[in-house]
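J.: Handing you a structure now.
The values are calculated or read from the model by the stated rules, or taken from the named source; none is laboratory data. Given the structure is predicted, the values throughout are model-derived calculations rather than measurements. As a convention, Cβ positions derive from the backbone with ideal geometry for all residues, glycine included, and neighbour counts pool all protein chains shown. Ligands, DNA and RNA are excluded from the accessible area calculation, which covers all protein heavy atoms including side chains. Shrake-Rupley method; radii C 1.70, N 1.55, O 1.52, S 1.80 Å.
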Amino acid sequence: MKTTLRQLLAIAVLTTAFTGCSDDDKETAPSSSFTLVPSAFQGDINDGEVVLDSDETYKLTGKVIVHNGATLTIPAGTVIEGVGGTASYIAVEQGGKININGTAADPVTMTSGLATKTAGDWGGLVICGKAPINRVSGGASTAQAEVSDLTYGGNVANDNSGSISYLVIEYAGAAYNSEKEFNGLSLFGVGSGTTIQYVESYHGADDGFEFFGGTVNTSNLISIGNEDDQFDWTEGWSGTNTNWYGKIAFGKGNRGIEADNYEFGYANTPLSNPTITNLTLVGPGSTADATTYAENNGLKLRRGTKGIFTNVVLSAWKEGFNVENDETIANVTSGALKATQVNFISDVASKAKGKTTAGASADVNGVYTESGSATGAGSGVAQPTWANSWTVGF
């Protein structure tokens, strides 16, 4: 009788174990009410998780908004094609998340879906977080993003909007008007809990990457052929970054980096104060046509920004460093705005130029120290090894 009871108990345990492992009972990601149509990818993701299929090509025919509490997950190898100009973009609301899980062998690609691909064919990728901005001095303010009209900013420095790895953004930057257009990747008040690494912005009509405040950190960013600035920040951004490569191409573009604290409050806090280690910026040539290139600066540093740059390569610029405004010049004097180990590899007509707020010339040569052995993003002006296999445009 005891033996039979043991046998029955053993059978019950095994039955429970196998039942618990059945396909029907596996733990799955939350479902979403969003209707996913690859040929017409658009709409509001209001809840749960939407997971794309890498075997499909998604036609971005309108805007996709990832709302608070929802998640959009994009697996390696997925292709999304924008076909709707300014109406065609992906935006993540405060509290929403985007997970882009590309690999070096299979990056995720967001590109134009038009037969002839041109800068500005579609919007871009917009992320809005809850980290501090300085539109009102003190850092707890919020604002509406210039594209998408979503709210951003707040006081959650470690806010998490998801994770992005191995993403190529092409032909973005559709313009509403001469003053308002998308960037490749726009980061509005994005927090340090967000991961952004191995991302390229290629041949966009405005900036490659722009940071509007926030505390997000990045690594391994590439910006090639974007028609304004390759990298841009404002509104008190203070991230830590490694391995940035920027290059002007296609006969348009102004600067490698345009850096502001805040346009309407040069001393507003928190101050823009990023650190960037391993930076390469390649320009159009020191004598490039001024009517084509409105400005020709490796780094334009103005409106009170701080920043620390280490291991920098600059090549083919009219000015390496262009420092403007009294507050910015004061940061050079104090050492809060400084580039060390700078290698002016070739064709930089003026290493540094300064101008006060009143327009007078200023000596800002203290903004840099030189090193002929600096390698920048890894290989001087050449393609870095970490950019092999997944990038375009070199």
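J.: Please give the Cα centre distance for region 271-292 versus region 194-229, rounded to the nearest Å.
T.: The two parts, judged by their Cα centres, are 13 Å apart.
J.: Taking the square root of 5 times each eigenvalue of the Cα gyration tensor, what semi-axes in Å does the equivalent ellipsoid of region 197-270 have, largest first?
T.: 22, 15, 8
J.: Where nothing but the Cβ of Lys and Arg (+1) and of Asp and Glu (-1) is charged, how large is the charge dipole of the chain around its Cα centre, in debye to the nearest 20?
T.: The calculation lands at about 880 debye.
J.: List the equivalent ellipsoid semi-axes of region 205-337 in whole Å, largest first, each obtained as the square root of 5λ for an eigenvalue λ of the Cα gyration tensor.
T.: On the way: eigenvalues 99, 51, 37 Å².
Gyration-tensor ellipsoid for region 205-337: 22, 16, 14 Å.
J.: Report the calculated FRET efficiency for Ala267 and Asp149 (r = Cβ-Cβ distance, R0 = 25 Å), to the nearest 0.05.
T.: Computed FRET efficiency for Ala267 and Asp149: 0.35.
J.: Charges on Cβ only, +1 for Lys and Arg, -1 for Asp and Glu, centred on the Cα centroid of the chain; of Ala374, Ile164, Val51, which one is farthest towards the dipole's positive end?
T.: Of the listed residues, the answer is Ala374.
J.: So for region 145-229, taking the charge dipole from beta-carbon charges (+1 Lys/Arg, -1 Asp/Glu), which of Gly214, Gly153, Gly193 sits furthest toward the positive end?
T.: Final value for the positive-end residue is Gly193.
J.: Quick one: accessible area per residue over the chain, 1.4 Å probe, rounded to a whole number of Å²?
T.: The answer is 39 Å² per residue.
J.: Right, here's the next one. Just for region 41-387, what percent of DSSP beta bridges are antiparallel, to the closest 5?
T.: Antiparallel: roughly 5 percent of the beta bridges in region 41-387.
J.: For the chain, what is the mean residue ellipticity at 222 nm derived from helices alone (per DSSP H run of n ≥ 4: -39500 (n - 2.57); sum divided by total residues; nearest 500 deg cm²/dmol)?
T.: Roughly -2500 deg cm²/dmol at 222 nm, from the helical runs in the chain.
J.: If I compute solvent accessible area with a 1.4 Å probe over the protein chains, what percent of it on region 41-387 is carbon and sulfur?
T.: About 45 percent, which is the carbon plus sulfur part of the accessible surface.
J.: Can you give the alpha-carbon Rg of the chain over 2.2 N^0.38 Å, where N counts its residues? Mind showing how you got there, number by number?
T.: On the way: Rg = 23.6 Å, N = 394, 2.2 N^0.38 = 21.3 Å.
Taking N as the residue count of the chain, the ratio is 1.11.
J.: Mind listing the Cα extents of region 74-196 along all three principal axes, in Å, largest one first?
T.: 47, 36, 16
J.: Apply 1/(1 + (r/R0)^6) to the Cβ-Cβ distance of Ala290 and Ser33, taking R0 = 51 Å, and write down the FRET efficiency to the nearest 0.05.
T.: It comes out at approximately 0.40.
J.: Among Ser286, Asn243, Trp390, whose Cα lies farthest out toward the positive end of the dipole of the chain, if unit charges sit on the beta carbon of Lys, Arg (+1) and Asp, Glu (-1)?
T.: Asn243
J.: Count neighbours as other Cβ atoms within 10 Å of each site's Cβ, and list the trypsin sites (Lys or Arg not before Pro) in region 88-162 that are DSSP loop with at most 15 such neighbours.
T.: Filter output for region 88-162: Lys117.
J.: Right, something else. If all Cα-Cα distances of region 119-181 are sorted into 5 Å bins from 0 onward, what percent lands in each bin, rounded to whole numbers?
T.: For region 119-181, the binned pair fractions read 4, 15, 20, 19, 19, 15, 7, 1 percent.
J.: Same structure again: In what sequence, largest accessible area first, do Val348, Val381, Val108 appear using a 1.4 Å probe?
T.: Values: Val348 30, Val381 60, Val108 0 Å².
Listed by decreasing accessible area, they come as Val381, Val348, Val108.
J.: For the chain, what is the relative contact order in percent, using Cα pairs closer than 8 Å and at least 6 residues apart in sequence?
T.: The value is 9 percent.
J.: Follow-up question, since we're still on this one. Please list, by residue number, every one of the chymotrypsin sites (Phe, Trp or Tyr not before Pro) in region 161-208 that is coil in DSSP and has at most 11 other beta-carbon atoms within 10 Å.
T.: Here no loop site has a sparse enough neighbourhood.
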